[in-house]
1. Can you tell which of ARG58, ARG134 is out of contact with any strand residue (DSSP E or B) (no Cβ under 9 Å at 6 or more places or on another chain), modelled with pLDDT under 95 and not hydrophobic (A, V, I, L, M, F, W, C)?
2. Are there any pairs with C-beta distances below 6 angstrom linking a residue in region 5-17 that is more than 23 Å from PHE66 (Cβ to Cβ) to a residue that is of a type outside the set (Asp, Glu) and not in a helix (DSSP H, G or I), with the two at least 6 apart or on different chains, and if so which?
3. Among (1) closer than 19 Å to ALA16 by Cα; (2) among the hydroxyl-bearing types (Ser, Thr, Tyr); (3) touching a helix residue (DSSP H, G or I) at 6+ places or on another chain (Cβ under 8 Å), where does THR69 come up short?
4. Only one of VAL96, VAL105, VAL90 is within 27 Å of ASP35 (Cβ to Cβ), touching a strand residue (DSSP E or B) at 6+ places or on another chain (Cβ under 6 Å) and of a type in the set (A, V, I, L, M); which?
5. Show me the strands (runs of 3 or more DSSP E) entirely contained within region 55-134 in which 2 or more residues are among the polar types (S, T, N, Q) and over 24 Å from ASP25 (Cα atoms).
6. Consider only pairs whose beta carbons are under 9 Å apart and that are at least six residues apart or on different chains; among these, list those whose first residue lies in region 107-120 and is farther than 22 Å from VAL92 by Cα and whose second residue is aromatic (Phe, Trp, Tyr) and part of a strand (DSSP E or B).
7. In the set TYR39, TYR29, which member is assigned to a helix (DSSP H, G or I), closer than 27 Å to LYS132 by Cβ and hydroxyl-bearing (Ser, Thr, Tyr)?
8. Quick one: LYS122 ticks every box in (1) crowded, with 16+ Cβ neighbours inside 10 Å; (2) more than 23 Å from ARG58 (Cα to Cα) except a single one, so which number is it?
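The values are calculated or read from the model by the stated rules, or taken from the named source; none is laboratory data. A quick note: this is a predicted structure, and the numbers were derived from the prediction, not measured. Ideal geometry is used to build each Cβ from the backbone, glycine not excepted, and the neighbour counts take in all protein chains shown.
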Amino acid sequence: MDATLVITEVDKTHLAANLALENRDFDTYIGYFSDDLKYKQLNGKTIDKNQLSYDTKRYFYRIKSFDGTYNRLSSSFENDLFIEKLVQKVAVTIRVFIFFSKKWVVEREGTYKWKKVNGDWKISDVEVTNEKIR
C-alpha cells in the first residue's frame, strides 16, 4: 500500500465523518464504522457497532454545534490495516430541554484501526487509552 495515498484517503474520511456530525447525518456518520467494529472504551468495556449506534443516537439529533480536530501521533500498516494513534479534541453543544443547552469538550487519545470495505476505509477497531472531559 502507498502510505501517502492511504493517509490522504483516511484524512478525507475523517473530514467527511466530522461533516456528517455537523450536519446531523447519523446514517452517514455511523457508516464510517465497520459492521464488525470492536470499540474498547477507557473503562475497559468493549462494545460493538450496534451498541455504539445506540449510544450515539441518544444524543445525535440534539447536537447544536460540533467542532472537532485530531492530531495523528503515529501510523503504520499491519495485515491490510491502517493503524493510527490519535489525539482527538471535540467541542459539542447539545440541546437540553427546549431552551437550554450543554457544552462539553472531550479530549480523547486512542488507537484506531482502519480497513477497506468495498473500496472505502472504515474504522474496525478502537482502543481509547486516555480521555479528559470538561
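1. Details: ARG134 fails: out of contact with any strand residue (DSSP E or B) (no Cβ under 9 Å at 6 or more places or on another chain).
The conditions single out ARG58.
2. Between residues of region 5-17 that are more than 23 Å from PHE66 (Cβ to Cβ) and residues that are of a type outside the set (Asp, Glu) and not in a helix (DSSP H, G or I), the close pairs are VAL6/PHE82.
3. Tallying (1) closer than 19 Å to ALA16 by Cα; (2) among the hydroxyl-bearing types (Ser, Thr, Tyr); (3) touching a helix residue (DSSP H, G or I) at 6+ places or on another chain (Cβ under 8 Å), THR69 fails exactly one: (3).
4. Numbers: VAL96 fails: within 27 Å of ASP35 (Cβ to Cβ); VAL105 fails: within 27 Å of ASP35 (Cβ to Cβ).
The unique qualifying residue is VAL90.
5. Details: elements: 63-78, 81-96, 100-117, 120-133.
By residue number, 63-78, 120-133.
6. LYS113/PHE82; TRP114/PHE82; TRP114/TRP121; LYS115/PHE82; LYS115/TRP121; LYS116/PHE82
7. Working: TYR39 fails: assigned to a helix (DSSP H, G or I).
Among TYR39, TYR29, only TYR29 is assigned to a helix (DSSP H, G or I), closer than 27 Å to LYS132 by Cβ and hydroxyl-bearing (Ser, Thr, Tyr).
8. (2)
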